Every structure is written in structure tokens, then in C-alpha cells.
Amino acid sequence: MKLRVLPLAFVAVLAWSCKEKTAEEVKPESIKELFAEDFLIGTAVNNGQINGDASQASLIAKEFNVLTAENVMKSSLIHPEEDTYNFEMPDKLFALAEKNGQKVHGHTLVWHSQLSPFIAAIEDSASMAEALKAHIEAVAGRYKGKVYSWDVVNEAVEGDGSLRQSVFLKTMGEGYLPWAFKMAAEVEPDADLYYNDYSMTGKAKRDGVIKMVKKIQESGAKIDGIGMQGHWHMDFPTIQEIEESILAYSALGLKVAITELDIDVLPNPQGVSGAEISQSAELKAELDPYTDGLPADVSAALAKRYADIFALFYKHRDKIDRVTFWGVNDGDSWKNGFPVQGRTNYPLLFDRNNQRKEAYDAIMKVKDK
Ligand code: 9MR
């Protein structure tokens with residue numbers, strides 16, 4: 001009797017341990033692996049990270065498969081004067097991405113903010129076209145064949161759906177929009193070309209963006225995608241508003257990317273939403289409640305919010321090409337300074353010591369359901 005039981009128990013243990021091993025082997029070990037078949041997972045990188053800051057280098061390589069320069073490819077930095085280009089940091093970004101086997105998303109070619117002062121001062125259409133052409137040729141041209149996708153135009157639509165009264169609109173009229181996409185496609189025909197903006201879930205703005213994009217499409221210009229900056233909050237936009245927007249943009253026949261994702265956990269000063277950098281509010285204690293750490297209930301609520309959002313992204317994985325976080329850890333985030341300077345915010349997946357947060361673990365379970 002004893003002789004029969006022993007081998008059976010041994011076989012059972014062996015079978016169990018083999019099964020465990022197989023399950024472990026296929027278990028994704030990073031967020032980019034989890035969604036490898038679904039969409040790219042990206043992050044914005046700052047100067048320290050581009051320079052290879054050792055405290056985050058392996059995390060960035062492990063978790064993300066596409067990088068965006070948080071600042072160094074914006075015109076005031078990469079092209080501060082008419083005949084001056086600063087390619088040192090962007091070149092380093094491309095080298096880092098190559099070393100890590102990551103793609104690069106280019107941000108951004110035509111944007112009213114962080115705009116080179118000499119372009120901001122232009123007053124006539126011909127000079128503006130000439131300056132933007134030179135800018136696009138130099139910047140997109142330098143990285144031709146190395147960029148996965150470009151934000152060609154950034155933040156050209158207001159909350160009410162009207163076109164922003166930017167220096168581009170004032171000098172060139174609304175024709176600057178299709179013109180910019182045509183110019184980008186001439187210089188870099190192989191990258192996906194995006195229109196990127198914040199507050200993309202508001203009805204009026206969404207309608208305005210769709211109207212504008214249709215005109216770009218009707219002009220024959222190449223446009224491949226819509227970037228929805230995800231500078232969102234705990235209770236808005238709703239999952240339904242995000243879903244309706246993904247569907248509406250996708251219905252244009254374009255890819256959708258969730259760009260610049262972060263979830264603000266702090267009280268929102270009245271009248272501020274989106275990422276209108278010109279807005280600001282005064283620092284008051286009640287607007288900065290978590291200076292000593294994120295309370296457990298808020299951490300759990302943030303984890304649920306991220307899980308709900310990623311469940312939606314996963315549901316629409318056939319429409320979504322990329323999800324990019326706007327920063328790696330909470331300490332890096334621009335949200336510590338906007339719209340109130342000097343707050344302690346917790347919008348990302350890694351804490352100030354680069355440790356995974358509850359929100360990270362919640363996202364890693366999204367596909368189990
Ligand atoms: O995160 C960026 C921050 O470091 C800069 O100070 C800021 C200046 O405008 O730009 C931030 O990134 C913005 C992005 O380029 C475009 N969408 C809104 C983002 C947050 O302001």
C-alpha cells in the first residue's frame with residue numbers, strides 16, 4: 001500500500017511544480033509585456049533620464065517600449081534661434097531608445113507654447129511658412145526613418161471647439177493645419193502623423209477637433225492619428241466620456257493614442273482643467289493635502305481608476321496604438337507644479353523611490369478578468 005501511495009504523491013508534486021513553472025514563464029514581468037499584443041506602452045523622459053540616470057535606467061528599459069522627449073524636442077529648445085539648433089539631447093534620446101530597443105515618438109513640430117521666440121515674433125504668412133518649413137525639414141529631417149510617429153500639430157483647438165488664435169492661425173490662416181501635415185509627410189513619409197491635444201473628451205472640443213481633422217483629410221494631407229493627452233483626474237472625465245471620444249476619433253479612420261497619461265489625485269482649483277499651462281492658482285494647504293504620503297484609501301482609489309481606464313483601453317485595443325505616461329515616477333511629474341506650484345502629487349505608476357505603486361499592480365491584473 002505504502003509503495004503505491006509514494007510514487008503517486010511524487011508524480012502529483014512533480015506535475016504541480018511543472019505547471020507552476022509554465023505559468024511563471026508566461027507571466028508578463030512588465031507593463032509593456034502585458035500589453036505587447038495590444039498597444040505600445042510609452043513614457044516621457046526628462047533630461048536626467050535621457051542622460052541615463054542610473055536610478056531609473058533599468059526601469060525605463062524594462063517597462064516601456066516607446067519614448068517621448070518631455071521637453072527637448074520642442075521648438076524653443078531644439079531650435080531657439082533662426083540658425084541655431086540644439087540636437088545634443090534629442091540625439092542622446094535616440095541613442096538611448098536604440099540601446100533599449102525602443103521606438104521614439106516625436107513631440108512636437110508645430111505648437112504655440114514653448115515656441116522659438118523668433119517664430120513667435122513672425123507677423124506675415126510667407127515668413128511663417130518659411131520658418132516652419134525650415135524647422136520641419138531640419139528637425140524631422142534629422143531623425144528621418146528613426147521616428148515611429150510625430151505630433152505634427154499640438155493643441156490647436158480651444159475648449160469651445162474653435163481654432164486657437166495662435167501665431168500660426170493669425171499669420172497663415174487655418175490653411176496652416178493641412179499645410180503642416182503635408183510638409184511633415186514630405187520630410188518623413190514613413191512615420192505616423194498625429195494631431196495631439198488635451199481635454200479631448202469634452203463634447204464641444206471633440207466636435208471642433210473632428211471638424212478640423214476632416215478638413216485636413218479632405219485636403220489630401222496625410223494624417224494617421226489622434227493623440228488624446230490623458231491629463232485626467234480621479235472623477236473626470238468619466239469612462240463613458242473617454243470611450244465615446246475614442247470611438248469618435250477612431251471613426252475618422254485614424255489610430256488613437258493616449259498620450260501624456262497621468263491622473264491628478266489632488267483637489268482641483270476652481271476653473272482649471274486640462275493642460276492650459278497659462279493657468280495657475282495660489283498654493284494653499286487645502287490644495288496640498290498629501291505632503292506626508294498618499295493615504296491608503298486614495299492609493300486604492302487611484303489603483304481602481306487606473307484599472308478602469310486600462311480595462312477600457314484593452315477593450316478598444318483594436319483602435320489604440322499607444323499609451324504613453326507623462327513621466328516615470330511621481331517626483332518627476334509636471335503635476336507637482338501645475339496648476340499650483342510646489343504641491344506633492346501622485347499621478348504616475350511609480351513612487352518617488354521608483355517602486356511600483358498599487359496602481360501598477362492593479363493595471364497588471366486588468367487582463368485577468
Ligand atoms: O511636462 C512638460 C513640462 O515639463 C513643461 O514645463 C511644460 C511647458 O509647457 O510642458 C509639459 O508638457 C506638456 C506637453 O508638452 C504638451 N501637453 C501638455 C503637457 C503638460 O503641460
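Quick note: the coordinates plus some simple rules give every number you see, no bench work behind them. Please read all numbers here as calculations on a predicted model, not as lab measurements. Note that each Cβ is placed from the backbone with ideal geometry, even for glycine, and that neighbours are counted across all protein chains shown.
Residues whose amide H falls under 5 Å from that of Lys74, counting only those 5 or more places apart or on a different chain, are Thr108, with hydrogens built in the peptide plane.
Please report how far the C-alpha centroid of region 226-281 lies from that of region 84-150, rounded to the nearest whole angstrom. So the separation of the two Cα centres works out to 24 Å.
Of the cross-linked pairs Lys92/Lys215; Lys205/Lys304; Lys99/Lys367; Lys32/Lys211, those separated by over 31 Å at the C-alpha level are Lys92/Lys215; Lys32/Lys211. Under a 5 Å amide H cut-off, with hydrogens placed 1.01 Å from N, Phe325 pairs with Gly42, Thr43, Ala44, Leu261 among residues at least 5 apart or on other chains. Take the convex hull of the alpha carbons in region 114-205; its mean projected area over all directions comes to 6.1 nm². Here region 19-141 is assigned +1 on the Cβ of each Lys and Arg and -1 on the Cβ of each Asp and Glu. Its dipole about the Cα centre then comes out at about 440 debye. Ordering Thr344, Ala285, Trp334 by Cα displacement along the dipole of region 279-357 toward the positive end leaves Trp334 in first place; charges were set at the Cβ atoms of Lys, Arg (+1) and Asp, Glu (-1).
Counting only alpha carbon atoms, the long axis of helix 296-315 and the longest principal axis of the chain meet at about 80°. Rg and Dmax, both from the Cα atoms of region 289-369 and both in Å, are 13.6, 41. In terms of packing, defined here as the mean over residues of other Cβ atoms within 10 angstrom, the peptides 271-278, 157-164, 64-71, 282-289 line up highest first as 64-71, 157-164, 271-278, 282-289. Stretching Lys203 away from Asp53 to a fully extended chain increases their span by 49.9 nm, per 0.36 nm per residue minus the current alpha-carbon distance. Hull volume per residue, based on the alpha-carbon atoms of the chain and their convex hull, is 165 Å³.
Of all DSSP bridge pairs formed entirely within the chain, close to 5 percent run antiparallel. Phi angles across region 36-50 convert, under the Karplus curve 6.51 cos²θ - 1.76 cosθ + 1.60 with θ = phi - 60°, into 3J(HN,Hα) values of 4, 8, 10, 7, 6, 10, x, 9, 7, 10, 9, 4, x, 5, 5 Hz, Gly and Pro given as x.
What you get for region 223-369, charging only the Cβ of Lys and Arg (+1) and of Asp and Glu (-1), is a dipole of about 480 debye around the Cα centre. Classification of region 47-172 by its C-alpha gyration tensor yields a prolate form. The axis ratio a/c (a ≥ b ≥ c) is 1.5 or more, and a/b outweighs b/c. Rg over Rh for region 200-337 works out to 1.00, both radii taken from alpha-carbon positions and Rh defined as the Kirkwood radius.
Estimated from helices alone, the mean residue ellipticity of the chain at 222 nm is -12500 deg cm²/dmol (sum of -39500 (n - 2.57) over DSSP H runs with n ≥ 4, per residue). Rounded to the nearest whole Hz, the Karplus-based 3J(HN,Hα) values (6.51 cos²θ - 1.76 cosθ + 1.60, θ = phi - 60°) of region 166-176 follow the sequence 7, 5, 5, 5, 5, 8, 9, x, 5, x, 5, with x at glycine and proline. In terms of the Cα gyration tensor, with a ≥ b ≥ c the square roots of its eigenvalues, is region 98-253 rounded because a/c is under 1.5, prolate because a/b exceeds b/c, or oblate? It is oblate, given that a/c is not under 1.5 and a/b is not larger than b/c. When a/c reaches 1.5 or more, the comparison of a/b and b/c decides; with that in mind, is region 165-216 rounded, prolate or oblate per its Cα gyration tensor? Oblate, since a/c reaches 1.5 and b/c is not below a/b.
Backbone phi angles across region 243-260, fed through the Karplus curve with coefficients 6.51, -1.76 and 1.60 (θ = phi - 60°), yield HN-Hα couplings of 5, 4, 6, 4, 5, 5, 6, 5, 5, 6, x, 10, 6, 10, 10, 8, 9, 6 Hz in residue order; Gly and Pro are listed as x. Placing unit charges on the Cβ atoms only, positive for Lys and Arg and negative for Asp and Glu, gives the chain a dipole magnitude near 1400 debye about its Cα centre.
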